Structures are given as structure tokens and as C-alpha cells.
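Step one of this worksheet: look at the structure below.
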Amino acid sequence: MKFDKASEKLLGSSGKAIQAYMKAGYVNPRPNGRADYTDYYLLRKPASLLGHPLVLIEEEYLTRYAGCCVSKGLGVTVSVAGSIGALKKFAAQNRCTLEEHVDPGKQLRSFGIKNALPKGNYASLSCRVRDVEQNPG
């Protein structure tokens, strides 16, 4: 999810990052669901990102053309625990998009993905090619 200013590209492999979470048992070996070009992984055990509980990991990639606009990369959703200053800083430094007050449970259900996420204060961080293009440094 890191952006390299020299190459103007996102660094790392979202697939390798998710495989590490699989190996450690944080997410299932298979996604909880897929919609369009995105796999959705609900966390099975506690993990955190920048001080907030991580609840969902998304990976967008192309395996088969399904229509317009795949935007390769990674997204995460956290349950907000206090200040989101670190999330805002990370988003700005890496040309990601931060969206506050999201409802990941409702979003997943709209894709037919069953989940037991409680109502709460959530934020999503998207670090995809589209985000880099829309958030110039």
C-alpha cells in the first residue's frame, strides 16, 4: 500500500500481503466473496492497522474481463478507535483515498456476502491505481 514517488507507482504485491495474512490465520484461504474485480476477506482474528482494529481486506485485480474499469490494488476497512490522524497521514503520503463513516456490513451484504459486522464507526482506506491517479502528490 506504499507509494514510491520516484517511480510514481504503488510498491509491493497485494497478493503476497494477503497470503501472509492467510498463513498467519487472519483471513480464510479463500475470500469470503468476490464482486466484480474485488475479493473480500473478513478478519477471523484480531489484527490492527495504524492503531485501529482491522475488519476487512479487499484486493482488486483482473482474472477475467468483466467490463470496464479494474483498478488493481488493495483496500482495508478498520473500526475507528480514537483519532484517525495516522490514517489520514498514511493516505496523504501514499496517495490513497480515505473514506470515513462507511458501513462495510451493508456494502458486503449488497454483494451477497454474509457477515456479522456490527454497526459502528468504520473507515476505509483504498490504495489502488485509481486512487494514485485521483490523488496527485
Could you list all residues from the range 116-137 that are at pLDDT 90 or above, open to solvent by 30 Å² or more (accessible area, probe 1.4 Å) and not aliphatic (A, V, I, L, M)?
-> Pro118, Lys119, Gly120, Asn121
When restricted to Ser71, Ser79, the only residue of a type in the set (Gly, Ala, Ser), in contact (Cβ under 8 Å) with a residue 24 or more places away in the chain, farther than 17 Å from Cys127 by Cα and in contact with a strand residue (DSSP E or B) (Cβ under 9 Å, 6 or more places away or on another chain) is Ser79
Could you tell me whether any residue of the range 107-115 is touching a helix residue (DSSP H, G or I) at 6+ places or on another chain (Cβ under 6 Å), at pLDDT 90 or above and open to solvent by less than 80 Å² (accessible area, probe 1.4 Å)?
-> yes
Go through the residues of the range 94-115 one by one and say whether even a single one is over 22 Å from Ala35 (Cα atoms) and out of contact with any Lys or Arg (no Cβ under 6 Å at 6 or more places or on another chain).
-> yes
In this structure, is Gly85 modelled with pLDDT of 95 or more and either surrounded by 12 or more Cβ atoms within 10 Å (Cβ to Cβ) or farther than 14 Å from Ser126 by Cα (or both)?
-> yes
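The values are calculated or read from the model by the stated rules, or taken from the named source; none is laboratory data. For clarity, every value in this text was computed on a predicted model and none was experimentally measured. Virtual Cβ from ideal backbone geometry, glycine too; neighbours counted across all protein chains shown. The protein model used for the area step is the full one, side chains on, heavy atoms only, and it has no ligands, DNA or RNA in it. Shrake-Rupley method; radii C 1.70, N 1.55, O 1.52, S 1.80 Å.
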